[in-house]
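Report on the following structure.
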Amino acid sequence: MEPGPLSEAKPKGDWRDYVSVTKLGIVVSNLMSLFAGVWLAADGPLPIPTVLMAMLGSALVIMSGTCLNNYIDRDLDQLMARTKNRALPEGRLNPQTVMIMGFVFGIAGTIILLLINALTAVLGLVGLVFYVVVYTMWTKRTTTLNTLVGGISGAMPPMMGYAAISGTIDMTAWVLFGILFIWQCPHFLALAMRRADDYRAAGFQMLPAVRGFAVTKRHILRYTAALVLVSIMLYALGEVGMVYLIGMSVLGIGYVIINMTGFFAKDDIKFARKSFVYSLVYLMLFTILVLIDRV
C-alpha cells in the first residue's frame, strides 16, 4: 500500500494541531532528566536564571526535533493506525509551516543555550542532528539499530543540564548519559512491540516488526540488566547517597523481574504495555531519588 497524496493545509487546523507537533509529553520527560543533570552539577544554591534559560533553550531544541520528525515522517504516518489522524497526515496543517516551526525553534533554542555556554549548545545540536537526520531520516527506515541511535538524542538532556551549570563534561555527566541511553532501549522496544503491526505496515525497521517478539524480549532484558549496573555508578562516584542506592536497586530488580516475565507471557502485548508503563515509573522515580539524595 502506497501513501496517498499529502493534502495542503485546510481551515480545520487549530492551535491544538500546532501544539500536537511539538509533542509536549516528550518535552516534559526530557526536561525532567535535564533537571537531574542540573541538580547534580550544582554546588550550593541553584543559579535560577541559568536553570530557566537551560530549560527554555532545551525545550525549544527538543520541539524543533519533534516538529521536523512530524514533517519528515508524514508520508509513512499515513499508513499507521495510531498516526494517520495526526495533523500532517490528515492535511490539517501545511507541511512547510511545520518545517519552518522546526527550524525557528532550533535556531532560537540554540541561541539561548549559547548564552549559557558553547558546550551546552553543542550538545543540544548533537542531539538534534542525531534525532532528525541519523534517526528519523536514515536509521528508522533502514536498520533495527535505530533504537540505539535514537537513544543518543534522548540521553543528551541530562548532559546538557550538567554542562549548563558546570561548563564541563566529566564522569558524572557520562554516567547520566549512560543511564538515559540504556533506559531508552527497553522503553522504546516495549512501545515498538505494542505497535509492531503499525511499524511493519509503514516499513519502519523496528526490531519487533522485523525480527519478532522473542528476539525483542531478549534485548529488553539485556538492556534492563545493564541499566541496573550503570544506575548504581552514580553512588560509586559519590554523587548520591544510600537512599538512592537502595531505591534504584529495588527499582532495577523490579524492572528485571517484569521483563523476565515476558518470556512466559501468554499475551505479548499485555507484557509490553506493563514493561512500558514501568519504564516511565522508573524514570520518574530515578529523577526523584536524585533530587532527594544528592550528596
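The values are calculated or read from the model by the stated rules, or taken from the named source; none is laboratory data. Just so you know, these numbers come straight off a predicted model, no measurement behind them. Calculation scope for accessible area: heavy atoms of the full protein, side chains included, ligands and nucleic acids excluded. Shrake-Rupley method; radii C 1.70, N 1.55, O 1.52, S 1.80 Å.
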Most mobile listed residue (12, 270, 217) in the chain, GNM with C-alpha springs under 10 Å = 12
Quick one: order 271, 177 from most to least accessible surface, probe 1.4 Å.
-> 177, 271
To the nearest 500 deg cm²/dmol, what mean residue ellipticity at 222 nm is calculated for the chain from DSSP H runs of n ≥ 4 alone, each contributing -39,500 (n - 2.57), summed and divided by the residues?
-> -23500 deg cm²/dmol
Specify which labelled value, from (i) 1.06; (ii) 0.98; (iii) 1.11, agrees with Rg/Rh (Cα atoms, Kirkwood Rh) derived from the coordinates of the model shown.
-> (ii)
Taking only protein heavy atoms and a 1.4 Å probe, the highest-to-lowest accessible-area order of 266, 274 is 266, 274
In a Gaussian network model over the chain where Cα atoms closer than 10 Å are linked, find which of 96, 205, 184 has the largest mean-square fluctuation.
-> 96
Counting only the heavy atoms of the protein chains, how much of residue 218 is accessible to a 1.4 Å probe, in Å² to the nearest 10?
-> 100
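Return the Rg/Rh ratio of the stretch 170-294 with Cα-based radii and a Kirkwood Rh. List each step's numbers first, then the result.
Numbers: Rg = 15.3 Å, Rh = 15.0 Å.
Result: Rg/Rh = 1.02.
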Ranking by accessible area, most exposed first, for 235, 131, 255 with a 1.4 Å probe | 235, 131, 255
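Work out which helices of the chain, taken as complete DSSP H runs, extend at least 18 Å along their axis over the Cα atoms and score a mean Kyte-Doolittle of -1.0 or more, then list them. Don't skip to the answer; put the middle values down first.
On the way: long enough: 24-41 (25 Å, 1.88); 48-72 (36 Å, 1.41); 95-116 (32 Å, 2.08); 171-194 (35 Å, 1.37); 213-236 (35 Å, 1.16); 242-261 (29 Å, 1.75); 268-292 (36 Å, 1.46).
Membrane-span-like by this criterion, though nothing is claimed about a membrane: 24-41, 48-72, 95-116, 171-194, 213-236, 242-261, 268-292.
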Using Cα positions and a limit of under 14 Å, work out the aspartates and glutamates in reach of residue 12, with same-chain residues fewer than 8 apart set aside.
-> 90
Taking only the alpha-carbon positions of the stretch 126-170 as identical scatterers, the Debye log10 I(q)/I(0) at q = 0.15, 0.34 Å⁻¹ comes out as -0.41, -1.10
How large is the accessible surface per residue of the chain, computed with a 1.4 Å probe and reported in Å² as a whole number?
-> 45
Mind telling me which of 182, 232, 257 comes out most flexible in a GNM of the chain, alpha-carbon contacts under 10 Å?
-> 257
Using a 1.4 angstrom probe on heavy atoms only, work out the carbon and sulfur share of the accessible area of the stretch 136-192 in %.
-> 73
